[in-house]
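None of the figures in this text is laboratory data; all of them are computed from the coordinates on show. On a predicted model such as this, the values are computed, not experimentally measured, just so you know. Every residue, glycine among them, receives a Cβ derived from its backbone with ideal geometry; neighbour counts consider all protein chains shown.
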Amino acid sequence: MKIQWSPLALERASECVAYIAEDKPAAAETWIHELFERVDLLTSTPYMGRVVPELNNARYREILFGNYRVIYSIKNEYIEILTIRGVRQILASEKFD
């Protein structure tokens, strides 16, 4: 399966990198590289993530990456990365319906 990033997910990733780079530019570069490597694992194991607890809908899954949640949806032809949130942020279902 292919990975498709939503504009929101790319924006969130960019915001995370910018925040990390304020103090540690090298760490920001490592972080984004490792994020994409982790997400690429979904191409061979799309169900490795758990169902997003607050949504309780099998369409929406997440993988944890450090202090972040990578929220995604498995489509017929591809996996869509929907957003990236802090592990303490609660998601509302209206965000994705």
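Computed from Cα atoms, the angle from the helix 25-40 axis to the main principal axis of the chain rounds to 20 degrees.
Remark: spin-label model distance I32-S6 equals 2.1 nm, labels positioned 7 Å along the Cα→Cβ axis.
Shown here: Rg and Dmax of the Cα atoms in Å, derived from the displayed model; of the candidates (i) 17.9, 57; (ii) 16.0, 58; (iii) 13.1, 41, it corresponds to (iii). Specify whether the C-alpha gyration tensor of segment 1-45 places it in the rounded, prolate or oblate class, a ≥ b ≥ c being the square roots of the eigenvalues: rounded for a/c under 1.5, otherwise prolate if a/b is larger than b/c and oblate if not. Oblate shape, in that a/c is at least 1.5 and b/c is the bigger or equal ratio.
Using DSSP to define loop residues, name the GluC sites (Glu not before Pro) in segment 1-88 whose beta-carbon has at most 10 other beta-carbon atoms within 10 Å. Spell out each step's value before the answer.
Numbers: sites: E11, E15, E22, E29, E34, E37, E54, E62, E77, E80; in loops: E54, E77.
Sparse-neighbourhood loop GluC sites (Glu not before Pro): E77.
The trypsin sites (Lys or Arg not before Pro) found in segment 10-97 that occupy coil by DSSP, while having at most 13 further C-beta atoms within 10 Å, are R59, K75, R88. Helical runs assigned H by DSSP (4 residues or longer) give the chain a calculated mean residue ellipticity at 222 nm of -11500 deg cm²/dmol, each run adding -39500 (n - 2.57) before division by the residue total.
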